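Q: Questions regarding the structure given below will be posed in turn.
The values are calculated or read from the model by the stated rules, or taken from the named source; none is laboratory data. Computed from a predicted structure; not experimentally measured. Reconstructed Cβ throughout: ideal geometry from the backbone, glycine too, with neighbour counts over all protein chains shown. Ligands, DNA and RNA are excluded from the accessible area calculation, which covers all protein heavy atoms including side chains. Shrake-Rupley method; radii C 1.70, N 1.55, O 1.52, S 1.80 Å.
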Amino acid sequence: MARKQKVISVASYNDNEYDQFTENITRVRYIKYFKGTRPSFRERESTGILTGAFLSLTIGCIAAPYLLLIGSHFSHKTIIGFAMIMAAATVFLGIWGFRKMAEEKKRVYRPVPDEEFDRYLAFDLKGLIVRARLLVTDKTPVLKAEEDSIMEVEPIVLYSAEGYSSDVNLPLLLKCGDDGIIRASNLYVMVLFPTKKGMYINITYLNLCSGKAKFDRIYACPYEDVDSITYKKRNYDIVTQEGKEVMKRVKSFLIKSSAGDTAEVGVDVIDYDIIDTVGGHFDETAVNEAMERLAGYFPGGGLPNKKPQAKLPKAD
């Protein structure tokens, strides 16, 4: 399936539903969800007006005396008239700017609701799934026999907040919503396609404020090579963007396999350090549903949990 070479955001993969106007609004609303809807000092309308008043005053105070001192070919009346116009502009803009500032202080800035954020996220993830299908079928030619299954199967999508490891050079924004669920601007996303013969996985980093995904990795894992699928607490060390080594305390969805580079693939669904920082909790609905669904692809309807050396019988 052909794709345009330059993709602005993952949402653009939703071809029939995508438009640039909505895209621009979405990215701004994401930022406002985390940072608030009240504009900063630089973004306020009153700041621009008062800046104009200051410039009028500066021009009037500097230009008029300068023209008088150098003996300009302009008449004194013209120079004085110019100075009076600048003075009038300063007074007008000053009064307008301070009134606007008073209005802005009284204005109610409604926050972006959790439901709106979730709606934008669902649309982005929908586009990310289309993108993942294309990447998986393109990067795993040995599995072309299952391309139809990958294009049709409903994928499993899991993600975690990601921002302070050396892999991502993007600021991480966090917020605990009114529903108590923690939401993040940077996501480490796993899109998993379970077919009859195996699991095909795309892992990527998604920045919601820009809509761009990068650092993709593709994995193919036949069921017969899966040693374990678990959801458990663990600790491990990472290197921060400042080059410091810190320990992460997480609860991870992990797939361990004896098949080549797919030795361990996972997503840290819960980050306890983030919970300590912002409060609230992470939504575990998707991972619980994933565990239940994946169990149906293995003999006996149970998830494997073997030692790395052991292998399961082939799935039917």
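Q: Whose amide H sits under 5 Å from the amide H of Glu264, counting only residues 5 or more places off or on another chain, with H placed in the peptide plane?
A: Ser257
Q: Excluding ligands and nucleic acids, what accessible area in Å² is computed for Lys197 using a 1.4 Å probe, to the nearest 10?
A: Solvent-accessible area, nearest 10 Å²: 140 Å².
Q: May I ask you to evaluate 6.51 cos²θ - 1.76 cosθ + 1.60, the Karplus curve with θ = phi - 60°, for each residue of region 8-15 and list the ³J(HN,Hα) values in order in whole Hz, giving x for glycine and proline?
A: Once rounded to whole Hz, the list reads 5, 8, 4, 5, 5, 6, 7, 3.
Q: Checking the table Lys35/Lys105; Lys32/Lys105; Lys197/Lys248 against a 26 Å threshold on Cα-Cα, which pairs fail?
A: Beyond 26 Å: Lys197/Lys248.
Q: At a Förster distance of 22 Å, what's the computed FRET efficiency of Lys105 paired with Phe54, Cβ-Cβ distance as r, to 0.05?
A: 0.65
Q: Convert each backbone phi in region 202-210 into a coupling constant with the Karplus relation 6.51 cos²θ - 1.76 cosθ + 1.60 (shift: θ = phi - 60°), then list the ³J(HN,Hα) values in order as whole Hz, x for Gly and Pro.
A: Using θ = phi - 60°, the values come out as 10, 10, 8, 9, 10, 9, 5, 6, 10 Hz.
Q: I've got another one for you. What are the equivalent ellipsoid semi-axes of region 233-296, built from the alpha-carbon gyration tensor (square roots of five times its eigenvalues), in whole angstrom, biggest first?
A: Taking √(5λ) for each eigenvalue gives 24, 19, 7 Å, largest first.
Q: When we measure straight from the Cα of Lys212, which aspartates and glutamates land under 18 angstrom away, once same-chain ones fewer than 8 places off are left out?
A: Asp15, Glu17, Asp19, Glu23, Asp118, Asp124, Glu162, Asp167
Q: Taking amide H atoms as placed 1.01 Å from N in the peptide plane, list the residues 5 or more away in sequence, or in a different chain, whose amide H sits under 5 Å from that of Arg249.
A: Under 5 Å from the amide H of Arg249 lie the amide H atoms of Tyr272, Asp273, each far enough along the sequence or on another chain.
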